[in-house]
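Asker: Below is a structure I'd like to ask you about.
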């Protein structure tokens with residue numbers, strides 16, 4: 001029974017993280033007049049949230065007397081911060097003007113697919129290949145594209161934006177794999193690891209915000225909604241120590257699906273058969289990626305196991 005609870009708890013936390021993400025996506029739709037708070041550009045806003053989170057985890061790490069990463073561990077933590085937060089946000093901001101939101105959501109559904117491919121090579125010693133994971137991830141992508149129609153690039157600018165979002169998905173998947181690996185190795189330094197990751201990301205985003213042009217129309221308020229954002233970051237790092245990268249990246253399937261279901265229930269009760277089919281495919285594929293059986297990884301073989 002305790003073993004069963006240990007397996008179920010991370011899944012429950014992941015679902016809670018997806019709910020917080022979905023709520024963050026819908027908050028401006030549900031509360032259109034909500035504009036209080038300090039208005040910041042997306043990169044500065046993310047840097048501020050990450051900086052607040054780093055401050056909290058630094059205090060907790062000091063209280064619990066965590067070891068602090070040094071040398072190679074410090075560099076790896078900074079790299080995870082760059083891959084997980086900095087590069088995806090910069091690339092997404094670059095693509096925003098030429099790739100619509102529905103297409104961006106659909107392309108981010110590639111993240112679990114990249115994680116399936118990367119995990120045996122970039123993950124920890126205990127990394128395992130999800131049996132049928134490649135097929136399940138492809139089914140999830142197909143389902144997401146039924147729910148969120150994708151716009152084929154019609155110009156060089158939209159093609160570059162398209163590629164930028166795909167690169168963001170790959171970067172996040174790789175960062176999750178390396179983050180899980182680092183948490184496996186640093187059992188007594190997970191809080192300090194989270195602190196270094198978020199400090200590196202906050203500094204990187206703050207520096208880049210000075211030179212990367214951003215549309216003021218996309219400004220975000222720093223207000224009471226920051227608390228759920230901080231909670232979501234805490235859940236994300238908690239999961240890194242307890243869940244494989246493939247399972248963690250299913251949040252890019254479940255959270256948009258939850259947001260879409262709530263949005264449809266409020267705005268457009270009628271759902272087409274493509275929407276129902278896509279939702280069913282996403283649910284089935286996510287369930288398999290979360291609860292399906294594993295088999296030992298054999299990265300040395302260099303073979304991508306599809307079956």
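Where a number appears in this text, it was derived from the coordinates with a stated rule and is not lab data. Because the structure is a prediction, the values reported are computed rather than measured. Note that we place each Cβ from the backbone using ideal geometry, even for glycine, and neighbour counts take in every protein chain shown.
Asker: Between residue 210 and residue 27, what's the calculated FRET efficiency when r is the beta-carbon distance and R0 is 22 Å? Round to 0.05.
Answerer: Once rounded, the FRET efficiency stands at 0.20.
Asker: For the modelled label position 7 Å from the Cα of residue 67 along Cα-to-Cβ, which residues of the range 159-187 have backbone nitrogen atoms closer than 18 Å?
Answerer: It comes to 179-187, nothing else.
Asker: Arrange 59, 105, 135, 197 by Cβ neighbour counts within 10 Å, fewest through most, would you? Mind showing how you got there, number by number?
Answerer: On the way: 59 12, 105 22, 135 15, 197 31.
In increasing order of surrounding Cβ atoms, one gets 59, 135, 105, 197.
Asker: Next question, about the same structure. On a full-extension model of 0.36 nm per residue, what is the gain between residue 121 and residue 242, subtracting their alpha-carbon distance, rounded to one decimal in nm? Could you put the intermediate results ahead of the total?
Answerer: Values: separation 121, 0.36 × 121 = 43.56 nm, distance 1.87 nm.
Gain on stretching residue 121 to residue 242: 41.7 nm.
Asker: If the chain between residue 291 and residue 12 were fully stretched, how many nm would it gain, using 0.36 nm times the residue separation less the Cα-Cα distance? Walk me through the numbers before you get to the answer.
Answerer: Values: separation 279, 0.36 × 279 = 100.44 nm, distance 1.21 nm.
Here the segment from residue 291 to residue 12 would lengthen by 99.2 nm.
Asker: Expressed in nm to one decimal, what extension gain is obtained for the pair residue 97 and residue 39 from 0.36 nm per residue of sequence separation less their Cα-Cα distance? Before the final figure, lay out each step's value.
Answerer: Working: separation 58, 0.36 × 58 = 20.88 nm, distance 2.01 nm.
Additional length available on full extension: 18.9 nm.
Asker: Let me ask you something else. Would you kindly work out the equivalent ellipsoid of the range 49-176 from its C-alpha gyration tensor and give its semi-axes, the square roots of five times the eigenvalues, largest first in whole Å? Kindly include the intermediate steps, with their values, before the conclusion.
Answerer: Details: eigenvalues 194, 82, 31 Å².
One finds semi-axes of 31, 20, 13 Å for the range 49-176.
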